[in-house]
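Structure first, then comments.
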Amino acid sequence: LPPLTELYTGRAQVSQLQEVRPEDLLGRKEIQLDVEEIRRQIQDRTVLITGAAGSIGSQIACQVALFEPATLVLLDRAESALYFAELELRRRHRKLTIVSVVGDILHRRKFEEVLDEYSPDVVYHAAAYKHVPLMEQYPLDAIENNVFGTEIVARGSRERKVKTFVLISTDKAVNPVAIMGMTKRLA
């Protein structure tokens, strides 16, 4: 929109309207991804995604699939959502080897078995409770899942010498004011 002073005085014209670009709303410089570096880290490797059936994890799975990993391991405790996420990935990437594992990051032994069986090169840890109002109601569950679950995933990955570990977090962890943000910051 034109400056407010021009709108107020009636000097604004339709020709002054400009299309809004997402980067106009960022409030910071746009980050340029190094696509070739991402490809180097993922292509022909085994990638494990925790929380792969969730809104964030499933989107990460879609993005990772574009870089042609050797195997994409999807881990989630929500078996129906995991099944549908796998179906969608198989529809889009017919040649990709996809393994769905029903499991909970809080079950250390099961998670370690998954690490041992598939030996991932890369772990994207997206499994977390993310809904602020619910986590205010259930703070102990938020701490258990987001903090202790992350510890299990991180330690297991480190002990098995996973090459790349990525914790998917949130802007709410930067200056936390609620339980969910605090648990993600601790993680």
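The values are calculated or read from the model by the stated rules, or taken from the named source; none is laboratory data. Computed from a prediction, not measured in an experiment: that's the story for all the values here. Every residue, glycine as well, gets a Cβ built from its backbone with ideal geometry; the counts of neighbours run over all protein chains shown. Just the protein is used for accessible areas: all its heavy atoms, side chains included, with ligands, DNA and RNA removed. Shrake-Rupley method; radii C 1.70, N 1.55, O 1.52, S 1.80 Å.
Pairs please, first residue from region 9-38 and open to solvent by 80 Å² or more (accessible area, probe 1.4 Å), second anywhere and in a loop (DSSP other than H, G, I, E, B), Cβ atoms under 7 Å, 6+ apart in sequence or on different chains.
Correct list of pairs: Leu17/Leu1.
Are any of the residues in region 153-169 closer than 19 Å to Pro69 by Cβ, surrounded by fewer than 20 Cβ atoms within 10 Å (Cβ to Cβ) and among the hydroxyl-bearing types (Ser, Thr, Tyr)?
Yes, because at least one residue in region 153-169 is closer than 19 Å to Pro69 by Cβ, surrounded by fewer than 20 Cβ atoms within 10 Å (Cβ to Cβ) and among the hydroxyl-bearing types (Ser, Thr, Tyr).
In region 112-123, which residue that is touching a residue at least 24 places away in the same chain (Cβ under 8 Å) and in a helix (DSSP H, G or I) is surrounded by the fewest Cβ atoms within 10 Å (Cβ to Cβ)?
Residues of region 112-123 touching a residue at least 24 places away in the same chain (Cβ under 8 Å): 112, 114-116, 118-123.
Those left that are additionally in a helix (DSSP H, G or I): 112, 114-116, 118.
Details: Glu112: 15, Val114: 21, Leu115: 19, Asp116: 10, Tyr118: 17.
Result: Asp116.
I'd like to know if region 134-142 contains one or more residues that are in contact with a Lys or Arg (Cβ under 9 Å, 6 or more places away or on another chain) and open to solvent by 20 Å² or more (accessible area, probe 1.4 Å).
no
Restrict the check to region 130-140 and report whether at least one residue is of a type in the set (Phe, Trp, Tyr) and touching a residue at least 24 places away in the same chain (Cβ under 8 Å).
Within region 130-140, not a single residue is of a type in the set (Phe, Trp, Tyr) and touching a residue at least 24 places away in the same chain (Cβ under 8 Å).
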